[in-house]
Amino acid sequence: MNPQFKKTSILPLLIALALGVAAALIVVPALATPPCGVTITSLAPLAQFDEIDAYAKIDDWKARIKTTGVSDLHVVQVTIQPGGTIGWHSHPGLSFVIVKSGTATVYDGDDPTCTPHVIPTGGSLFEPAGHVHIVRNESTTEPLVNVVIQLVPTGAPRLISEPDPGNCPPFICP
């Protein structure tokens, strides 16, 4: 068999394969829920930490953190105006939230009953990595102000927009 013929007959297959791979790499945006009435302000410069392997124990209280690779630590203030929302989202790392003023209403993406978790001023919330949720300010008069501390892999976004899981009535931005 002619070697030239082999190359020619394989060429269309390679082109089709390449086009298929290119098509697979095209990202189709998910139907994410956009934020509405949200302002994010950095409260401290971005800090980076090398690997962490720490353990603490005081009486019955224990804590452990172990990271691999470099981590970014963000300290931000998230203000959500009355009727606003940050949209359905998750985080690639750990998030500690303190409600500075107002009332946060949080809905979990995996809760089929769409039960609101109401967190008043002075309350707090821990958001584990990958957990899909939405934070809303259901007040009609008072802004919601949260202070958020996040530890994420270096270069990762603080927040990942997620599609509406469909377990709660749709949120309409005023």
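The values are calculated or read from the model by the stated rules, or taken from the named source; none is laboratory data. Here the structure is a predicted model, which means the values were calculated and not measured. Every residue, glycine among them, receives a Cβ derived from its backbone with ideal geometry; neighbour counts consider all protein chains shown. Just so you know, the surface numbers come from the protein's heavy atoms only, side chains and all, with ligands and any DNA or RNA stripped out. Shrake-Rupley method; radii C 1.70, N 1.55, O 1.52, S 1.80 Å.
What the table below lists for this structure:
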| quantity | calculated |
| --- | --- |
| Highest average packing first - 136-142, 45-51, Cβ atoms within 10 Å | 136-142, 45-51 |
| Per residue accessible area in Å² of region 65-158, where ligands, DNA and RNA are left out and the probe is 1.4 Å | 42 |
| Accessible-area composition of region 53-98, carbon plus sulfur, in percent [1.4 Å probe] | 60 |
| Whole-percent carbon and sulfur share, accessible surface of region 101-174, 1.4 Å | 62 |
| Using alpha carbons only: equivalent-ellipsoid semi-axes of region 61-105, gyration tensor based, whole Å | 27, 14, 10 |
| Mean Cβ neighbour count within 10 Å, used as a protection proxy, ranking 54-62, 80-88 highest first | 80-88, 54-62 |
| Net lengthening on full extension, residue 105/residue 124 (0.36 nm per residue, minus Cα-Cα) | 5.7 nm |
| Residue order for 67, 154 - accessible surface, 1.4 angstrom probe, largest first | 154, 67 |
| Simple label model, 7 Å out from Cα along Cβ direction - residue 98 to residue 58, nm | 1.5 |
| Residue 171 accessible area, 1.4 Å probe, all protein chains in place, Å² to nearest 10 | 70 |
| Region 82-169 shape via C-alpha gyration tensor axes, a/c threshold 1.5 | oblate |
